[in-house]
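What follows draws every value from the coordinates through simple rules; no lab data is involved. Since the model is a prediction, treat every value here as computed from it, not as a measurement.
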Amino acid sequence: MKLSPHLIATTIAAVYALSASAQTPSTPLPTPGPKPTHSSRQVENISRAVGINELKIEMAETRLKLSADPKIVSDLASALEEYLTTTCMPKLLQTLSYAGNPSDPICIERTRRLLQINPGNPVAVCVQEGIASKPCIDAYQNQKIVVVYPSPGDHIDPALRVGLSAATLDRIAKVEGSLAEINTKYQRAETPDEKRALLNDASTLYDQILNMSCKVSAVGLVPESAGVESAEPAEITQTRERLLQIPPAIRGDYQREAAAKAQKEFDDPKTTPERASQLKDLLAVIKDPSGLSPHQTANLKRARYILSKCSESVALAAKVVPDLPSVTCFHQGWYTPQCIYALKKWRIQKQQETNKGNTASGSPASKPSMISTF
């Protein structure tokens, strides 16, 4: 589906309003609970989300042809990440495994596109290599976590700018009150079994708090070093500007002539390695003058944005229940190797507790808690 500039202009506000509350690639998913009974509604919601994501990708690609503004690059990267996580490894949070090497041609193409505009992007690397691979783990080591303090003047995702609603903050406060009561009981507990039971109760409540305080998050690309830009040679800039001034229908002859000249110099044995690198970039611009150059993306680094209340809740929960998966997953992102490892570890711990309980009582295990279904 191709969108006209007029259609894009008339629909962009509606799409951003819808996407402000939608889950991004790294936006946390709610803790798995009972399976929904209305499968048709599930399909409808998934189809709607996919449709919004496709529209965001196409709009960002269209805007990028008009301007290489870093904000547009960031919007496109976020939309591509959303597609890769939800479509190319959709069962990751259920199976806790993904081997990489996708076969779907669209997944392959969009992974390539994401790496083109953001080299080393961790989502793209993990889709290619697998969630447990060293390249995937290494890629996420460079992720920047940005804590956001909501302010009307912030130039950030609208949902982050607004922050949490008063109703959500009120619900969080009530759960925090329940946690205080459990803490008091824990201090008075005399047996290991009593303390273990109270700690399990605390885990459930912390999980609820994290689901509320961290439900809004976003990802984007930010300059790695403020004010630092990779200077592009004037020759490349002038070539791009000159070609873009020529209508695409008659641009071919000029491109072939310029490419032949650059290729001849590139093939010359006397050309230095430094000049050869410049010529390689020049040839790329001649081939696609509207595309991004390495100089435009070299300084952009992936960042994950979380609210200050989320950061506060994560820090507190980490001190009391450090093995709770939500602590890692809401902080790092749900499609990260750190989160998947935490989920696996938690699943093993709960299974061991269940087995120990069965051995001690000689009866079937009780129904697992909501958080143990990870």
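Brief remarks follow.
- Those lysines that a straight Cα-Cα span of less than 19 Å connects to LYS264, excepting residues fewer than 8 apart in one chain: LYS280, LYS287
- Whole-angstrom Cα spans of the range 265-311 along principal axes, big to small: 60, 23, 9
- Once backbone amide H atoms are built at 1.01 Å from N, LEU307 has VAL148 as its partners under 5 Å, excluding neighbours fewer than 5 places away on the same chain.
- Backbone HN-Hα couplings from phi across the range 92-100 [Karplus 6.51/-1.76/1.60, Hz, Gly and Pro as x]: 4, 6, 8, 8, 6, 8, 7, 7, x
- Convex hull volume of the Cα atoms of the range 130-286, normalised per residue: 254 Å³.
- According to the calculation over all Cα-Cα pairs in the range 234-296, the P(r) per 10 Å bin from zero is 22, 54, 22, 2 %.
- Reachable lysines, given that their alpha-carbon falls under 19 Å from the alpha-carbon of LYS91 and they are not under 8 places away in the same chain: LYS35, LYS344, LYS345
- Each residue of the range 319-334 is assigned a 3J(HN,Hα), and the resulting list reads 6, 9, 10, x, 7, 4, x, 4, 4, 6, 5, 6, 7, 8, x, 7 Hz, derived from the Karplus form 6.51 cos²θ - 1.76 cosθ + 1.60 (θ = phi - 60°), x at Gly and Pro.
- Note on the range 48-140: Cα-Cα pairs beyond 22 Å make up 26% of the total pair count.
- Note that the range 298-311 has calculated 3J(HN,Hα) couplings of 4, 9, 8, 10, 6, 10, 10, 9, 10, 6, 4, 5, 5, 4 Hz, one per residue in order, obtained from phi through the Karplus relation 6.51 cos²θ - 1.76 cosθ + 1.60 (θ = phi - 60°); glycine and proline are x.
- Under 20 Å from the Cα of LYS270 - aspartates and glutamates, other chains or at least 8 residues apart: GLU235, ASP281
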